[in-house]
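This report concerns only the one structure given below.
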Amino acid sequence: LFVHSDAVIRRIEDQLREIFSSDVFFDLPEHYRSAVNIYVVSSTCGGTGTGMFLDLAYITRHIVANRFNKEPWVRALLLLPSAFLGTGQVTDQNAQNLRANAFGALTELDYAMPKNARLAPLQYPQGFEVSRAEEPFKSCYLVGNQAAAGAMFNDFEDLQERSAVHIQIELASPLS
């Protein structure tokens, strides 16, 4: 992220500009055009996504609020180790590493989320500074391989579909 921060920021801005300049967006009632839902979908198990999901939340929040004058509703959909274990995506010997990485990612998330946290701004290359005065996510969903009723899902495509359904339900909610 730090090596390619300019390209990442430019890509986020371009995507948001495309949304805000679309006919569909202009056809929405005014009160719907004042805020935007942004989803950060990432694994907590290690790798690039785990290392930058909080940064992306803060950067996107900053861009939406300061460059587009909209209220950012940044939401997280974070995949837990159980979403990968038992699906054939990860070997059993790597299971412990996934759990350790998820523990680190969730500890970092826990540190960033309290409303009374006084976190210093983040400084990115070329002087791009982002406030951390607000919590990074308006809501955060943790996705594993077990449903609330106890059903287990071991097919990775089923888990992806369930994640998409959670986003769809939230978007269709009167509260959103």
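The values are calculated or read from the model by the stated rules, or taken from the named source; none is laboratory data. Given the structure is predicted, the values throughout are model-derived calculations rather than measurements. Because the Cβ atoms are built from the backbone with ideal geometry, glycine has one as well, and the counts that use them run over all protein chains shown. For the accessible areas, the whole protein counts, side chains as well, though only heavy atoms, and no ligand, DNA or RNA atoms are used. Shrake-Rupley method; radii C 1.70, N 1.55, O 1.52, S 1.80 Å.
Looking at (1) under 18 Å from the mean Cα position of the chain (by Cα); (2) assigned to a loop (DSSP other than H, G, I, E, B); (3) not aromatic (Phe, Trp, Tyr), which is the one condition that is false for residue 106?
For residue 106, the failing item is (2).
Condition check ((1) free of Cβ contacts under 8 Å to residues at least 60 places away in the same chain; (2) open to solvent by 40 Å² or more (accessible area, probe 1.4 Å)) across all residues:
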position: 87; (1), (2): no, no
position: 94; (1), (2): yes, yes
position: 100; (1), (2): yes, yes
position: 103; (1), (2): yes, yes
position: 108; (1), (2): yes, yes
position: 119; (1), (2): yes, no
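Checking residue 115 against (1) open to solvent by 70 Å² or more (accessible area, probe 1.4 Å); (2) more than 16 Å from the chain's Cα centre (by Cα); (3) free of Cβ contacts under 8 Å to residues at least 12 places away in the same chain, which test does it fail?
Result: residue 115 fails condition (3) only.
For region 122-148, give me the residue count where each residue is outside any loop (DSSP other than H, G, I, E, B), open to solvent by less than 90 Å² (accessible area, probe 1.4 Å) and touching a strand residue (DSSP E or B) at 6+ places or on another chain (Cβ under 8 Å).
We begin by selecting, within region 122-148, every residue outside any loop (DSSP other than H, G, I, E, B); these are 122-130, 139-143, 146.
Right, trim to open to solvent by less than 90 Å² (accessible area, probe 1.4 Å) and you get 122, 124-125, 127-128, 130, 139-141, 143.
Those still in the list that are touching a strand residue (DSSP E or B) at 6+ places or on another chain (Cβ under 8 Å) too: 122, 124, 130, 139-141, 143.
Result for region 122-148: 7.
Could you go through region 57-69 and let me know if any residue there is over 27 Å from residue 21 (Cα atoms), free of Cβ contacts under 8 Å to residues at least 60 places away in the same chain, within 16 Å of the chain's Cα centre (by Cα) and open to solvent by less than 20 Å² (accessible area, probe 1.4 Å).
Of the residues in region 57-69, the ones over 27 Å from residue 21 (Cα atoms) are none.
No.
Give the residues of region 34-49 that are among the β-branched types (Val, Ile, Thr), crowded, with 20+ Cβ neighbours inside 10 Å and under 10 Å from the mean Cα position of the chain (by Cα), sorted by residue number.
Just the residues of region 34-49 that are among the β-branched types (Val, Ile, Thr), to begin with: 36, 38, 40-41, 44, 48.
Next, only the ones that are crowded, with 20+ Cβ neighbours inside 10 Å stay: 38, 40, 44.
Those that are among the β-branched types (Val, Ile, Thr), crowded, with 20+ Cβ neighbours inside 10 Å and under 10 Å from the mean Cα position of the chain (by Cα): 38, 40.
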